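Okay, structure first, notes after.
The values are calculated or read from the model by the stated rules, or taken from the named source; none is laboratory data. Fair warning: this is a prediction, and the values are worked out from it, not measured in the lab. For neighbour counting, all protein chains shown are included, and Cβ atoms are generated from backbone atoms with ideal geometry for every residue, glycine included. Heads up: the accessible areas ignore ligands, DNA and RNA and are worked out on the full protein's heavy atoms, side chains in. Shrake-Rupley method; radii C 1.70, N 1.55, O 1.52, S 1.80 Å.
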Amino acid sequence: MERPIYLDYGATTPLDPAVDAAMRPWGVERYGNPHSPHRWGFEANAAVAVARGQVAALLGCADDAVSFTSGATESVNWALKGVVTALGQTRRRIVTLATEHSCVLATAEYLASIGGAVTVLPVKPDGLVDLDVLAAALGDDVALVSAMLVNNEIGVVQPVRAIADLAHAAGALMHCDAAQGFGKLPCAVDDLGVDLLSLTAHKIYGPKGIGALYRRAGVALTPLLHGGGQEDGRSGTLPPALCIGLGEAANIAGARMAEDAAHATLLRDRLLAALDGGYQVNGSMDARWPGNLNLSFDGVDGARLLPALRGIAVSSGSACASAGGRASHVLAALGLDAAAARSSLRLGWGRFTTVAEIDAAAAELNAVVSRLRLKAA
């Protein structure tokens, strides 16, 4: 049986062959510990430094503001826990949005369970934050505001700069989970106004298991991992091959950003034009990354929809939620009822998706949805 067409770029992206080629020498051939005081270590350390600079270049920040981690989830945990625990008793509250990734929401709830506090704000039906509601929720007890750049389920782009301005006016720090936005949209940290930013490699055609945390100079964080003192609070031996993979992926993404966005837009518009109808787009169409569509199909039994799509690899939400069978908290926050949420699909495409694949996916979606509606009638 042929493998299905891959339309789950929101879960992970294919490894770019150029990234794979950049990583390969740093496994079997150049296996030195980048922290060792000899030539093998010096070579690995120099390669890691180049990778750090490539990430920093896309963020528009100093190289030493970037710390490597295992991925965005770890970076988020470090940012939120590190800020709240470093501030002591002065500011203990985190303000975030109901549509954030579970790594933000779960970390905030954990901090609330050990003496902190969390305010989870609703969003409007289009998935965007109401800035007036946010402003009213802020106060002198807020340590940090955390908001995604691009939502992982519905692709909505939050007004991060406006959120950051409100946070700073209240004396709070601003953290942005940019796992789905880094390398796809401009992410200069000064333009976004953020103090902390989390990112990962495997959403931009890099390897899994590597990410980074940007930290503005002067922002105090409690160390995440204690040990040798690497990464200024995230101890542990760095993996040169993975660091280099993230750096090269960032470098390519920066050079191709406009081209990738135009390709994603072309594919999105082609898919929408080919669908028969009877669907709802979840989330704003105006403030949205074009490589994502979250669609609810009217009159379709959600329990039958995904298994019936044998020729397309898609999901019903985030990869972690779908694997655990959990309902989408993002769609619930938009006001969708349980039936509409169950009949929803998240489709994602990108650099290596072809027009022919989109056409074939649209044909299968139309056929399957039509068949399921006839059965339900």
Given the options Arg270, Arg216, name the one that is open to solvent by 20 Å² or more (accessible area, probe 1.4 Å), modelled with pLDDT of 95 or more, farther than 27 Å from Ala21 by Cβ and in the same structural domain as Ala143 (by the TED database).
Arg216
Any residue in the range 195-224 that's more than 30 Å from Phe352 (Cβ to Cβ): show its pairings with residues that are hydrophobic (A, V, I, L, M, F, W, C) and in a loop (DSSP other than H, G, I, E, B) at Cβ separation under 7 Å, as long as the two are six or more apart or on different chains.
Asp195/Val219; Leu196/Val219; Arg215/Leu221
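Sort through Gly254, Gly245, Gly171 and tell me the only one that's assigned to a helix (DSSP H, G or I), open to solvent by 30 Å² or more (accessible area, probe 1.4 Å) and touching a residue at least 12 places away in the same chain (Cβ under 8 Å). Before you say what the answer is, go through the steps one by one.
Values: Gly245 fails: open to solvent by 30 Å² or more (accessible area, probe 1.4 Å); Gly171 fails: assigned to a helix (DSSP H, G or I).
Step by step, each of Gly254, Gly245, Gly171 is checked, and only Gly254 is assigned to a helix (DSSP H, G or I), open to solvent by 30 Å² or more (accessible area, probe 1.4 Å) and touching a residue at least 12 places away in the same chain (Cβ under 8 Å).
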Looking at the structure I just gave you, is Ala65 open to solvent by 40 Å² or more (accessible area, probe 1.4 Å) and at negative phi?
no
Which residue pairs have Cβ atoms closer than 8 Å, lie 6 or more positions apart in sequence or on different chains, and pair a first residue in the range 75-88 that is among the charged types (D, E, K, R) with a second residue that is open to solvent by 10 Å² or more (accessible area, probe 1.4 Å)?
Lys81/Tyr110; Lys81/Thr222; Lys81/Leu224
Looking at the range 43-60, which of the residues that are open to solvent by less than 30 Å² (accessible area, probe 1.4 Å) and more than 19 Å from the chain's Cα centre (by Cα) is farthest from Gly206 (Cα to Cα)?
Ala44
So which pairs qualify, if the first residue must be in the range 343-356 and closer than 19 Å to Ser370 by Cα and basic (Lys, Arg), the second must be open to solvent by 30 Å² or more (accessible area, probe 1.4 Å) and not in a helix (DSSP H, G or I), the Cβ gap must be under 7 Å, and the two must be at least 6 apart or on different chains?
Arg346/Ser316
Subset of the range 188-204 (residues that are over 13 Å from the mean Cα position of the chain (by Cα) and of a type outside the set (Val, Ile, Thr)):
Ala188, Asp190, Asp191, Leu192, Gly193, Asp195, Leu196
Can you say whether Thr265 is hydroxyl-bearing (Ser, Thr, Tyr), exposed (fewer than 14 other Cβ atoms within 10 Å of the Cβ), outside the structural domain of Leu199 (by the TED database) and within 30 Å of Ala51 (Cβ to Cβ), as far as the supplied structure shows?
yes
Have a look at Ala143, Ala135 and point out the one that is open to solvent by 10 Å² or more (accessible area, probe 1.4 Å) and over 26 Å from Thr12 (Cα atoms).
Ala135
For the range 76-101, how many residues meet the condition of being touching an Asp or Glu at 6+ places or on another chain (Cβ under 8 Å) and surrounded by fewer than 19 Cβ atoms within 10 Å (Cβ to Cβ)?
0
Test set (1) surrounded by 15 or more Cβ atoms within 10 Å (Cβ to Cβ); (2) more than 20 Å from Lys184 (Cβ to Cβ); (3) more than 22 Å from the chain's Cα centre (by Cα) - Leu334 fails condition number
(3)
Quick one: which helices (runs of 4 or more DSSP H) sit completely within the range 276-376 and have at least 1 residues that are hydrophobic (A, V, I, L, M, F, W, C) and under 25 Å from Arg3 (Cα atoms)?
302-308, 319-324, 355-376
Leu105 fails exactly one of the following numbered conditions: (1) part of a helix (DSSP H, G or I); (2) open to solvent by less than 40 Å² (accessible area, probe 1.4 Å); (3) over 30 Å from Ala170 (Cα atoms). What is the number of that condition?
(3)
